[in-house]
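The block underneath contains the structure these notes are about, expressed in structure tokens.
The values are calculated or read from the model by the stated rules, or taken from the named source; none is laboratory data. All values reported here derive from a predicted model rather than from experimental measurement. Cβ: placed from backbone, ideal geometry, glycine included. Neighbour counts: every protein chain shown.
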């Protein structure tokens, strides 16, 4: 604003010199001095324009700050400490009334924020500014526009608070919609409604819900995702839309629910969990606790699954131990056997666990461990 005032000051000084010289010249050649009334003027404008006659004050968007200036002069000289009354009419003709004093530059300033929460902002705004100087009414008017900027709605899927597009059956999905103008969130206006539409991979309605945005312009829903009826089509679709200042906006996203392959993992009390991990070191005549866990497509343990165990000793081709056991509620079956107290049983062992998942899919895993002398 200082630079604008300096430009105004330079213009005012040039006008003042011209007027002064003209007055001196007239005094020398006019036989009778003539007293004239000093002329006062006001010009109202904004930071976007409006200086001069019939010039628009510019165009703004919701949530913008508008600085309204009234420049008051008398014969080109700035008038200081003069009260200027502003009457600012919203597009619905509701009134904002303020009175501000002019500063040393002859400018009175009034700032307004175009907040939808405080009334209608989209449309034409009209400003009337007036004051009285030496019993003379001085006034000016100005109009500016507030136009709805292209609002946007972004839709995200999250898992455990982190953005994700991949889920397992029974995971909790968080869908979050975020409204914004000019890449800034719509803050302070918790009155926008967001409608969510979630569809399964085969296009069926799964969830429809209407939610109000919070103070950050965000709305969210949560739901538990289900396994797809056809594993080859795991992609879900979600849509969210809202109406902002008469404008319908929407956002879409997609995410997948992927089933895991059922697995079996065999291990001992000393190790072997996971692929290609040895089961540990044992001494002859020591007990070995052997476990096998069966997991389904969702990564959950499968109970009541019959597991066939077999253990082959060093340099052997026939099992030295074999048994069949049902899995517990965590999908784990366990057996225990003792390594024979004979040096002939020192060496590498292989343990096998086999099952037929759901009576159809054959699952198996192998584990190695070592037996040695004390």
(Q) Tally up the residues in segment 203-232 that are surrounded by 11 or more Cβ atoms within 10 Å (Cβ to Cβ) and either modelled with pLDDT under 90 or assigned to a loop (DSSP other than H, G, I, E, B) (or both), please. (A) 10
Q | Restricting segment 164-184 to residues that are under 30 Å from residue 117 (Cβ atoms) and buried (at least 16 other Cβ atoms within 10 Å of the Cβ), the residue that is modelled with the lowest pLDDT | A | 181
Q | Tally of residues being more than 10 Å from residue 226 (Cα to Cα) and in contact (Cβ under 8 Å) with a residue 40 or more places away in the chain across segment 159-173 | A | 4
Q) Can you find a residue in segment 179-190 that is in contact with a helix residue (DSSP H, G or I) (Cβ under 7 Å, 6 or more places away or on another chain) and either closer than 19 Å to residue 240 by Cβ or part of a loop (DSSP other than H, G, I, E, B) (or both)? A) yes
Q. Within the group 66, 44, which residue is part of a strand (DSSP E or B), more than 16 Å from residue 106 (Cβ to Cβ) and modelled with pLDDT of 90 or more?
A. 66
Q) Of everything in segment 144-163 that's buried (at least 16 other Cβ atoms within 10 Å of the Cβ) and either closer than 30 Å to residue 109 by Cβ or in contact with a helix residue (DSSP H, G or I) (Cβ under 8 Å, 6 or more places away or on another chain) (or both), which residue is modelled with the lowest pLDDT? A) 149
Q.
Residues that are without any contact (Cβ under 8 Å) to a residue 40 or more places away in the chain and part of a strand (DSSP E or B): does segment 296-314 have at least one?
A. yes
